[in-house]
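The values are calculated or read from the model by the stated rules, or taken from the named source; none is laboratory data. Every value quoted in this text rests on a predicted model; they were computed, and no experiment measured them. FYI the Cβ positions are ideal-geometry reconstructions off the backbone, even for glycines, and counts take in every protein chain you see.
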Amino acid sequence: MRFLLRPLFCAMAMAGGASFACAAPVADAATIEAVSACQPARPCAAKLPVRVVVVTMFEIGKDTGDKPGEFQMWKERRNLSVTLPFPQGWHDLAYDPETGVLAIVTGMGSIKSATATLALGLDDRLDLSKAYWLVAGIAGIDPEDASVGSAAWAHYLIDGDIAHEIDAREIPADWKSGYFALHSKGPSDPTPLPPENGEMFELNPALQEWAFALTRDMKLPDDPAIAAARKAFTGYPNAQRPPFVLKGDNLAAMTFWHGARMTQWANDWTRFWTRGKGEFVTSAMEETGTFQSIEYLTRVGRAARDRVMVLRSASNYSMPPPGQEPAAYLLSENKGYAGMTAALEALYRVGGKVVDEITGHWDKYGKAPPQ
């Protein structure tokens with residue numbers, strides 16, 4: 001019955017402008033049936049070919065029909081009709097046999113994202129050897145660079161957890177922070193260090209540039225609530241712009257930090273680990289864990305590190321507007337991010353355009369990443 005409905009699905013896809021409409025299915029009914037008969041984390045002779053893995057980090061409530069998290073729009077708007085039990089991870093997998101798109105919800109934080117990604121790559125039911133990976137999640141954003149609702153493609157991924165720390169009340173008078181890199185001589189030590197412990201990863205810059213060029217002129221969702229909120233950021237012209245697509249690097253840390261001083265630390269930390277080449281734009285929790293696992297999987301032919309993209313859209317600012325205290329501002333945001341709806345929509349629209357381009361022209365992109 002699933003494939004008898006395919007002509008209707010193709011017609012709907014064509015009406016929505018999807019470039020993959022009516023292409024031959026990536027996985028046929030026999031393959032799906034054979035894979036469905038396999039047990040998770042056990043040998044499986046059949047494999048589902050995966051062209052794009054959409055990596056989301058959380059969902060709110062049910063997968064469909066209620067308040068959305070990062071996964072729900074992909075589930076509701078895409079043909080993710082095949083559910084694969086995934087007890088070795090946070091959440092079951094969802095797969096579209098028409099396009100070869102697989103979606104995962106890793107759970108929040110770098111520990112969950114790393115373990116779920118590694119478990120996914122080692123799952124014998126899936127062929128991920130040529131898959132592109134799109135990490136698509138919400139984030140905090142530096143008001144110096146962009147506004148809530150904006151979406152940023154990353155080049156560098158920086159880890160904010162691996163460090164030395166001394167309580168700020170006990171640091172020397174000439175230190176700007178009590179947080180500094182392992183093996184360094186303090187927060188003012190300018191000596192570049194090699195990122196030997198996963199402190200920084202560099203994504204394929206050509207792939208980032210390609211994804212940005214494809215989406216840079218897209219009009220992103222806006223609404224009166226986030227328009228009103230951004231007016232308060234006087235002196236920050238990028239924070240007052242309507243949402244837009246940009247390039248900007250991601251800092252992942254398990255602590256949900258906030259404030260002008262912490263934002264300055266994030267900028268300094270990014271410059272330090274990228275040797276001045278990177279620009280902190282978005283804050284999240286998972287990227288370095290996810291990418292570390294993909295690095296390991298690449299070594300055994302289960303993934304391809306040069307096919308990874310990271311897209312983060314802003315649900316909140318990383319610091320309050322001038323004149324407001326960070327504690328009060330953070331606590332008010334915790335009641336419900338002002339930009340959540342716009343950020344999720346931006347993620348889906350911007351990320352979806354890239355997914356459609358890849359899956360719709362697999363004869364080209366399957367062979368090698370775009371240059």
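Assorted remarks:
- Neighbours by Cβ (under 7 Å, 6+ apart or cross-chain): first from the range 80-101, of a type in the set (F, W, Y); second modelled with pLDDT of 95 or more and in a strand (DSSP E or B): F86/L93; W90/V105; Y95/L48; Y95/V82; Y95/L84; Y95/L102
For every residue, the table says whether it meets (1) surrounded by fewer than 20 Cβ atoms within 10 Å (Cβ to Cβ); (2) over 18 Å from W133 (Cα atoms); (3) in contact with a Lys or Arg (Cβ under 7 Å, 6 or more places away or on another chain).
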residue: Q264; (1), (2), (3): yes, yes, no
residue: W273; (1), (2), (3): no, yes, no
residue: G276; (1), (2), (3): yes, yes, no
residue: Y296; (1), (2), (3): yes, no, no
residue: A314; (1), (2), (3): no, yes, no
residue: A328; (1), (2), (3): yes, yes, no
residue: A338; (1), (2), (3): no, yes, no
residue: D356; (1), (2), (3): no, no, no
residue: K367; (1), (2), (3): yes, no, no
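- Residue check, A232 in a loop (DSSP other than H, G, I, E, B), modelled with pLDDT of 95 or more and among the aliphatic types (A, V, I, L, M): yes
- Search result, residues across the range 156-197 that are over 25 Å from M309 (Cα atoms) and among the small types (G, A, S): A163, A168, A173, S177, G178, A181, S184, G186, S188
- Residues being out of contact with any helix residue (DSSP H, G or I) (no Cβ under 6 Å at 6 or more places or on another chain), closer than 16 Å to R312 by Cα, assigned to a strand (DSSP E or B) and not aromatic (F, W, Y) are entirely absent from the range 251-274.
- Some residue of the range 217-228 being farther than 30 Å from L331 by Cα, in contact with a strand residue (DSSP E or B) (Cβ under 7 Å, 6 or more places away or on another chain), at pLDDT 95 or above and not small (G, A, S): yes
- Residue within the range 135-149 that is under 18 Å from E295 (Cβ atoms) and either buried (at least 16 other Cβ atoms within 10 Å of the Cβ) or at pLDDT 95 or above (or both) present: yes
- Residue match in the range 11-32 (condition: at pLDDT 95 or above, outside any loop (DSSP other than H, G, I, E, B) and surrounded by 15 or more Cβ atoms within 10 Å (Cβ to Cβ)): yes
- Within the range 217-239, being surrounded by 14 or more Cβ atoms within 10 Å (Cβ to Cβ) and over 14 Å from G149 (Cα atoms) holds for A232, F233, Y236.
- Hey, A227 outside any loop (DSSP other than H, G, I, E, B), among the small types (G, A, S) and either under 19 Å from S313 (Cβ atoms) or in contact with a His (Cβ under 6 Å, 6 or more places away or on another chain) (or both) or not: yes
- Some residue of the range 85-92 being crowded, with 20+ Cβ neighbours inside 10 Å and over 26 Å from T288 (Cα atoms): no
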